[in-house]
């Protein structure tokens, strides 16, 4: 199952790169040489960011997921990063942590400036994530009391899209709506999954 997802992500990257090449390739005017563009440095294509989730109350949820990405093209970004999730059920005095890693891919389908140079709504993006998480599932004992069972590894495959709003030339904020297609019973997510992320 995981190998199929890896093949799917690679196919997505290849298709996105092909689409980008068809859309972005400038037309060469006959008799005129194309200006030589300086190739950007590797470090200039790196992106740092991630998402943070927080919910406080009788149930406390903290999600810290930093990520580092590489801008393959102006529209296509791939990256990876660690995941840490903390849960605290105060009514039951239960605490747990989840940890793991994720691989992410984002493709800008439509830029706001493609429609109008003064269009301020941002860029529409497609987004995919494949996560591998070590979780401690919440179960119920014979008396109906919640308890954490033994730890196990699960993997979640999330796909969706959203809006990425540039705040400056180096910083952007994104709002995503994702769907956990794996739908694992031990997953910490319920569909749809809302994400707020940032990048610089």
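Please determine whether any residue of the stretch 113-122 is within 30 Å of residue 90 (Cβ to Cβ) and at pLDDT below 90.
So the first thing to find is which residues in the stretch 113-122 are within 30 Å of residue 90 (Cβ to Cβ), and the list is none.
No: zero hits.
Any residue at all in the stretch 26-47 that is assigned to a strand (DSSP E or B), modelled with pLDDT of 70 or more and either under 22 Å from residue 175 (Cα atoms) or within 21 Å of the chain's Cα centre (by Cα) (or both)?
Our first condition is that a residue be assigned to a strand (DSSP E or B); within the stretch 26-47, this holds for 46-47.
Next, only the ones that are modelled with pLDDT of 70 or more stay: 46-47.
Those left that are additionally either under 22 Å from residue 175 (Cα atoms) or within 21 Å of the chain's Cα centre (by Cα) (or both): 46-47.
For the stretch 26-47, residues assigned to a strand (DSSP E or B), modelled with pLDDT of 70 or more and either under 22 Å from residue 175 (Cα atoms) or within 21 Å of the chain's Cα centre (by Cα) (or both): present.
Got a number for residues in the stretch 56-103 being loosely packed, with under 14 Cβ neighbours inside 10 Å, outside any strand (DSSP E or B) and under 21 Å from the mean Cα position of the chain (by Cα)?
1
Say whether the condition of being in contact with a helix residue (DSSP H, G or I) (Cβ under 9 Å, 6 or more places away or on another chain) and either within 21 Å of residue 122 (Cα to Cα) or crowded, with 16+ Cβ neighbours inside 10 Å (or both) is met by at least one residue in the stretch 164-173.
The initial filter retains those residues of the stretch 164-173 that are in contact with a helix residue (DSSP H, G or I) (Cβ under 9 Å, 6 or more places away or on another chain), namely 165-166.
If we keep only those that are either within 21 Å of residue 122 (Cα to Cα) or crowded, with 16+ Cβ neighbours inside 10 Å (or both) as well, we get 165-166.
Checking the stretch 164-173: at least one residue is in contact with a helix residue (DSSP H, G or I) (Cβ under 9 Å, 6 or more places away or on another chain) and either within 21 Å of residue 122 (Cα to Cα) or crowded, with 16+ Cβ neighbours inside 10 Å (or both).
Please go through the stretch 186-199 and give me each residue that is more than 16 Å from residue 104 (Cα to Cα) and in contact (Cβ under 8 Å) with a residue 24 or more places away in the chain, ordered by number.
The answer is 186, 187, 188, 189, 192.
More than 18 Å from residue 66 (Cα to Cα), free of Cβ contacts under 8 Å to residues at least 24 places away in the same chain and surrounded by 16 or more Cβ atoms within 10 Å (Cβ to Cβ): does that describe residue 112?
yes
Take the residues in the stretch 139-177 that are assigned to a strand (DSSP E or B) and more than 30 Å from residue 198 (Cβ to Cβ); name whichever of them is nearest to the chain's Cα centre (by Cα).
Initially, the stretch 139-177 is screened for residues assigned to a strand (DSSP E or B), giving 139-140, 146-148, 152-166, 172-177.
Checking the rest, the ones that are also more than 30 Å from residue 198 (Cβ to Cβ) come to 139-140, 146-148, 152.
Details: 139: 29, 140: 32, 146: 31, 147: 31, 148: 28, 152: 23 Å.
Here the residue is 152.
The values are calculated or read from the model by the stated rules, or taken from the named source; none is laboratory data. All values derive from a computational prediction rather than experimental measurement. Please note: Cβ atoms are built from the backbone with ideal geometry, for glycine as well, and neighbour counts cover all protein chains shown.
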